[in-house]
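Taking it in order: structure first as structure tokens, then the write-up.
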Amino acid sequence: MNRMRMGGVAAATGVALVLTGCAGGSDAAGGDGDKPTIVVDMWAGSESDTEALEAQVAIAQEQNPDVTIKLQTAPWGDFFTKLTTNMASGNMACITGMSGAQLGGYTAGFRALSDEDLATAGLDLADFNPGAEGIMSFEGELYGMPFDVATMLVYYNQDLLSAGGAATPEIGWTFDDFEQIATDATADGKYGFGMGMGAYQWMSLPIALSGTQPAAEDGSLQIDSPEFVEAASWFSGLVTDMGVAAPVASASDTGWGETQYTGGNAAMAVDGTWNATGYLDNESGFAAGMAPLPAGPSGNAGPILGSGYGVSATCEHPEEALKVLGSLLSKDAQDYIASSGRSYPARTESQPLYFESIDEEHREHVQSVFESAFASTVPLYMTQNWAKLESYIQPNLVSVYNGQTTMADMLESAQAQFGN
Amino acid sequence: MTTTTKRRGSLARVETRQALGFASPALVGLALFTIVPVGLSIVMSVFDWPTFGDRTFTGADNYAKLFTASPDFWPALRNSAVYTLLYVPLSVALSLVLAIGLGPRIRGRGALRVLFFIPVVVPMVANVLVWKMMLQPQGLFNGIAQGWFGVSLPNFLADPFWAMAMVVAMSVWQGLGYNMLIFSAALEQLPDSVLEAASIDGARGFRLVWSVMIPMISPAIFFATIMTMISSLQVFAQPQLLTGGGPGNATKPLVMFIWEQGFTFGDLGLAAAAAWILFAIIIAITGMQFAAQRKWVHYEH
């Protein structure tokens, strides 16, 4: 009797274990019934991000009643690590979000889109912002289509500027104006500028100043070119020579300049257009404003960046996935993104809706700055080992800002290590 | 006689089967989540294994590459060694002092023990945030130094020497409570009769502690030292969050190097090879400690 009961318990445990294994497995397998399931994998930083994504997926679902669309999200910081794991285990979602900057390391997982693919998806490059196809391209192949376009701006804190008696950055301002404003605003323990640690944040001003980029169009590294080194050295000199910016505390402070700005410790910082509405309605309550990058001798070309969706190379239903891709980038979905003010849509006809979502008091300002900034953007060229380059540069940038190495030395050793 | 043996044999067999049945979930878990991945990582370490793409067998190439061609591997080894050499003695010694100091006649020692243990249970991210705020040039330490003493402190986390010192300091502060509890438990088990006999014989204060108490709790000290050394060779969260491995690679220990190679750069074969090198180091050091224990650890028999 005892033995039978014990045997029964052991059997029940075994069955339970097997069942949990089965339940876990069926989630990953195909959809319910005979409708194919297309999984959309995207990053989401907050509940509002997730809700926005669900709304876009709902629009795509309406347009594609013959498939089931499932959304899966991860925070930005984890998204690429998870994507790497998914790629390695062959579990990549049929539609995966990708940021243009990171594309270089993940092209192996994405399907290269041909003209027929675009036709299946119902997408026409002419409907999108000029230069948009460069965002999701790498080494000549198109790996996806962007849903938003962005560029870098200089955000300023009007209250701090007025307190220091500094002028206000305006459209068409030059680097001399920038230096003057930063110097005037550095007073009473506050700094005129917050140094960037992220790749876009620190590279933008040197790119605008020098008119060159760290990488060439063919994907080769040229980060030690004399013009770029000179401009980058000027940039790090803002801390070491001019003293208008605070040295960065630690190599893990990726958002240093932006945090200094939102914390009211720095009057200006470089950040992307995606944060425009966030800064305008900032929690600290200071009067914020924005301006395009200052103009150097060769203009103020800033990088055009963006994120988009691509189809995975291992997708089992490529036709349906392409159609879902087209729906996610359709006029309705792009209108939704624009009117919710989340990001500046890549589809040209949806772009005016973005400005209508902004508060009346800021609308004209934002519109004029955006139009001016996007008029002079260039695609940001990257190398295949861009992720490695970034993870080398960021911890060393701290030493540069702290005056322990020079920008020239750091860029030269980056070129030596990654520029083959 | 024969009947008893037969019954014992068949009972033993039935009991073995039942035992196996009960142990099978744990065994399956052990196999799936420990043995298979460990075996897979041994295989990975002798392959060129990118996360996506063709995998080719390369033999000991990964190991050779680590020691000769990887710019971050030797610094990672050095950082792990420095961190361990600084952290383990400090942590064990300070915890021991604390445990002895919080002796049986201190009032409120329960509350004090809880206070010391709180940093251990608080999530590492919270600890790091607070320390970062204190250490930055606009933070607490520099503020006090400049305000009260007129001295400007270095930018701790951006200085190659100070960054490591601060990572060790934060880790010691965080890990004190854990070892302190182990030593407190061991101290409470010391037989009063032995301590009384020693003090009657004239051993007081430091002599009592050094020659009587510490040898008697040496098994606990041995355990704490081994566990602390293993966990310090595997440290990841503190340098990752506090300094990001910077400045440069001044605070990038081996596990951070492995994570970066595997997940940021996608070279899983190289990461697996580095992980096995770490394993070998840990086993060697632990083996040496076990061999040395005969000299200084006194077990009650």
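Any idea how far apart A:GLU364 and A:ALA55 come out in nm if each label point goes 7 Å out from Cα toward Cβ?
Spacing of the two 7 Å Cα→Cβ label points: 2.8 nm.
Go ahead and run the numbers for FRET between A:SER162 and B:ILE118, Cβ-Cβ distance against an R0 of 30 Å, rounding to 0.05.
Values: r = 45 Å, r/R0 = 1.49.
Calculated value: 0.10.
Calculate how steeply helix A:360-375 sits against the longest principal axis of the alpha-carbon atoms of chain A, using the helix alpha-carbon long axis, and give the answer as 0 to 90 degrees to the nearest 10.
Orientation of helix A:360-375: about 90 degrees from the principal axis.
Please state the Cα pair-distance histogram of chain A with 10 angstrom bins from zero: what percent is in each bin?
Pairs per bin, as whole percents: 4, 20, 29, 23, 13, 6, 3, 1, 0, 0.
Suppose we look only past 31 Å in the calculated P(r) of chain B. What percent of the Cα-Cα pairs does that tail hold?
Numbers: 22743 of 45150 pairs.
Tail of the P(r) past 31 Å holds 50 percent of the pairs.
In square angstrom, what is the accessible area per residue of the protein assembly as shown with a 1.4 angstrom probe? Don't skip to the answer; put the middle values down first.
Working: 33790 Å² over 721 residues.
With all protein chains present, the protein assembly as shown gives 47 Å² per residue.
Just report the Cα centroid separation between segment A:379-417 and segment B:119-141, whole Å.
Each part's Cα centre sits 27 Å from the other's.
Can you give the mean number of other chain Cβ atoms that lie within 10 Å of the Cβ atoms in peptide A:250-258?
Details: counts 17, 15, 12, 7, 1, 0, 1, 0, 0.
So the per-residue partner count for this stretch is 6.
What does a probe at A:GLU62 reach in segment A:335-350, counting residues whose amide N is under 12 Å from the point 7 Å along Cα→Cβ?
A:335-336
Ranked highest first by the average count of other Cβ atoms within 10 Å around their residues, in what order do A:323-336, B:281-294, A:118-131 fall?
The peptides rank, most packed first, as A:323-336, A:118-131, B:281-294.
In degrees from 0 to 90, rounded to the nearest 10, what is the angle of the helix A:199-210 Cα long axis to the longest principal axis of chain A?
The answer is roughly 40 degrees.
Sequence neighbours fewer than 8 away in the same chain don't count; with that in mind, list the aspartates and glutamates whose C-alpha is under 12 Å from A:LYS35.
Correct list for A:LYS35: A:ASP66, A:GLU320.
What distance in nm lies between label points placed 7 Å from Cα along the C-beta direction at A:GLU170 and B:LEU32?
Here the modelled spin labels are 6.8 nm apart.
Go through segment B:59-64 residue by residue and turn each phi into a ³J(HN,Hα) via Karplus (6.51, -1.76, 1.60, θ = phi - 60°); whole Hz please, and just put x for glycine and proline.
Per residue, the Karplus-derived 3J(HN,Hα) values read x, 8, 4, 4, 5, 4 Hz.
If you average 1/r over every pair of different alpha-carbon atoms in segment A:176-242 and take one over that average, what Kirkwood value in Å do you get?
Details: mean 1/r = 0.0773 Å⁻¹.
For segment A:176-242, the Kirkwood estimate is 12.9 Å.
Using the Karplus curve 6.51 cos²θ - 1.76 cosθ + 1.60 with θ = phi - 60°, work out ³J(HN,Hα) for each residue of segment B:226-232 in order, rounded to whole Hz, and write x for Gly and Pro.
Coupling constants for segment B:226-232: 5, 5, 5, 5, 4, 5, 6 Hz.
Quick one: which residues, 5 or more positions from A:PHE110 or on another chain, have an amide H under 5 Å from its amide H? H modelled 1.01 Å from N in the peptide plane, none for Pro or chain starts.
Residues meeting the criterion, in which the H sits 1.01 Å from N, are A:ALA313.
Counting helices only, and only those DSSP H runs with n ≥ 4, report the 222 nm mean residue ellipticity of the protein assembly as shown as the sum of -39,500 (n - 2.57) divided by its residues, in deg cm²/dmol to the nearest 500. The partial results should precede the final answer.
On the way: 30 runs with 396 residues, N = 721.
Rounded to the nearest 500, the figure is -17500 deg cm²/dmol.
Can you give the mean number of other chain Cβ atoms that lie within 10 Å of the Cβ atoms in peptide B:256-269? All intermediate terms of the calculation are to be shown ahead of the outcome.
Working: counts 0, 0, 0, 1, 3, 1, 4, 6, 8, 6, 8, 1, 2, 0.
Mean inter-chain Cβ contacts per residue within 10 Å come to 3.
Can you pull the percent of chain A's accessible area that's carbon plus sulfur, 1.4 Å probe, other chains left in place? Could you put the intermediate results ahead of the total?
Working: 8450 of 17150 Å².
Reported share for carbon and sulfur atoms: 49 percent.
In terms of Cα to Cα distance under 24 Å, which lysines are near enough to A:LYS190, apart from those fewer than 8 places away along the same chain?
Those lysines meeting the cut-off are B:LYS132.
Compute the acute angle (0 to 90°) between the alpha-carbon long axis of helix A:76-88 and the principal axis of greatest extent of the alpha-carbon atoms of chain A; round to the nearest 10°.
It works out to around 50 degrees.
From Cα coordinates alone, what are the radius of gyration and Dmax values for the protein assembly as shown in angstrom?
30.5, 106
Between chains B and A, what is the buried accessible area summed over both chains (1.4 Å probe, protein heavy atoms, nearest 100 Å²)?
Details: alone 17920 and 18380 Å², together 33790 Å².
When B and A are taken together, about 2500 Å² of accessible area is lost.
The values are calculated or read from the model by the stated rules, or taken from the named source; none is laboratory data. Small disclaimer: the values here were computed from a predicted structure and weren't measured. All Cβ positions, glycine included, derive from the backbone under ideal geometry; neighbour counts span all protein chains shown. Only protein heavy atoms, including side chains, enter the accessible area calculation; ligands, DNA and RNA are left aside. Shrake-Rupley method; radii C 1.70, N 1.55, O 1.52, S 1.80 Å.
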